[in-house]
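Structure first, commentary second.
The values are calculated or read from the model by the stated rules, or taken from the named source; none is laboratory data. Fair warning: this is a prediction, and the values are worked out from it, not measured in the lab. Neighbour counts run over all protein chains shown; Cβ positions are idealised from the backbone, glycine included.
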Amino acid sequence: MPPLRKQGSITKKPDSCSFDRAQDRLRRNDKTSFPQQVLYREKQITIKSKFKKLWKYYILQSLLATAVLFILVLVLGKYKLVVISSMGATTFTVFAMPKAVSAKTRNVIGGHLVGLASGTIFYFITLPYFLEYPLVVGLAILLMVTLDVEHPPAAGTALAVVINEVSLDAFIIIMLSAVILSQCRYYLRGYLKDLV
């Protein structure tokens, strides 16, 4: 086994193949460090090969996300753009990362319920906006993590409720959107791939 090599302040234990290549590069006085070159090549190859392998899924899942969000925009109208933005983030999570924990039905619906509840609480409390907005997001995060329904876009839902207004329409639209998106993921789970 090759000896440990000190690089900066980090001690690394390289595998024998990369260690030999690194020694060869040092002998040739290569200006780019070996680990940076390998990382760059791995990322470049991974992105290209992943896209080549899954290009149909990239297009299909992007089109599905576009269609679902198009319907939501038609239903919500242009006056609820903050709500649409949090649903856009949920759409990304559901269609680009369908296998992620935050894309599960429990997390999507539960997270948006927590966001709605947090936003409703702070909507009725009179605080300056520079305190109210961070506090509502902090409460939403605390409740989501505590209840094990982590869904990052739901923090945007909490903020949207505080900024816009609390209404039965907003509640129904947000929850209906969350249910529709999570059901799309559930029924298409055999066809959707993680794209991230």
Practice task
Test G77 against the stated conditions and say whether it is at pLDDT below 90, farther than 18 Å from Y187 by Cβ and among the small types (G, A, S).
Solution key: yes
Practice task
Look at K50 and say whether it is among the charged types (D, E, K, R) and in a helix (DSSP H, G or I).
Solution key: yes
